[in-house]
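Colleague: Below is a structure I'd like to ask you about.
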Amino acid sequence: DAELIVVWGGNPVHTQINFMHWVQKARRQTGAKLVVVDPYRTATAEKADVHLMLRPGTDGALACAVMNVLLAEGLADRDFLARHTDFSPAVEAHLAARTPQWAADI
């Protein structure tokens, strides 16, 4: 599986040219894929392997659904969350209902 480089709501083609140099290097050397999450068709989105062109204001739903999957599939680093965040059972319970289908229906 190729690694993913995710740019969420940014346009580094114009704002972080050095970052894009490293993105291109990773794509060439490792086959990494660039995923851009942005409601607008930016210069960075044009260079993406996948452009998730969400409706404005729905990226929070996508973020919740991603966290839902990471937790449900045991992919979240719970030790890191416990040591470095305010992640709590209440947050986890909130995210349990924020499934990918829930986000798709928004």
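The values are calculated or read from the model by the stated rules, or taken from the named source; none is laboratory data. If you're wondering where the values come from, they're calculated on a predicted model, not measured in any experiment. Note that each Cβ is placed from the backbone with ideal geometry, even for glycine, and that neighbours are counted across all protein chains shown. What goes into the accessible areas is simple: the full protein's heavy atoms, side chains included, and nothing from ligands, DNA or RNA. Shrake-Rupley method; radii C 1.70, N 1.55, O 1.52, S 1.80 Å.
Colleague: I'm trying to understand the selection: among the residues of region 2-16, which are within 22 Å of L54 (Cα to Cα), polar (S, T, N, Q) and surrounded by 15 or more Cβ atoms within 10 Å (Cβ to Cβ)?
Modeller: The one that is within 22 Å of L54 (Cα to Cα), polar (S, T, N, Q) and surrounded by 15 or more Cβ atoms within 10 Å (Cβ to Cβ): N11.
Colleague: If a residue has to be surrounded by 15 or more Cβ atoms within 10 Å (Cβ to Cβ) and closer than 16 Å to F19 by Cα to count, how many in region 43-70 make the cut?
Modeller: 4
Colleague: Right, something else. Among the residues of region 1-28, count how many are at pLDDT below 95 and over 27 Å from P56 (Cα atoms).
Modeller: 2
Colleague: So A96 passes all but one of these: (1) farther than 30 Å from P12 by Cβ; (2) small (G, A, S); (3) in contact (Cβ under 8 Å) with a residue 40 or more places away in the chain. Which condition number does it fail?
Modeller: (3)
Colleague: Among the residues of region 1-50, write down those that are of a type in the set (K, R) and closer than 27 Å to A65 by Cα.
Modeller: Matches in region 1-50: R27, K33, R41, K47.
Colleague: Right, something else. When both residues are 6+ apart or on different chains and their Cβ atoms are under 7 Å apart, which pairs have a first residue that lies in region 17-28 and is closer than 12 Å to I5 by Cα and open to solvent by less than 70 Å² (accessible area, probe 1.4 Å), and a second that is assigned to a helix (DSSP H, G or I) and among the hydrophobic types (A, V, I, L, M, F, W, C)?
Modeller: Sorted first by the residue in region 17-28, then by its partner, the pairs are M20/V13.
Colleague: Is it the case, given these coordinates, that L81 is open to solvent by 90 Å² or more (accessible area, probe 1.4 Å) and of a type in the set (A, V, I, L, M)?
Modeller: Criteria not met by L81.
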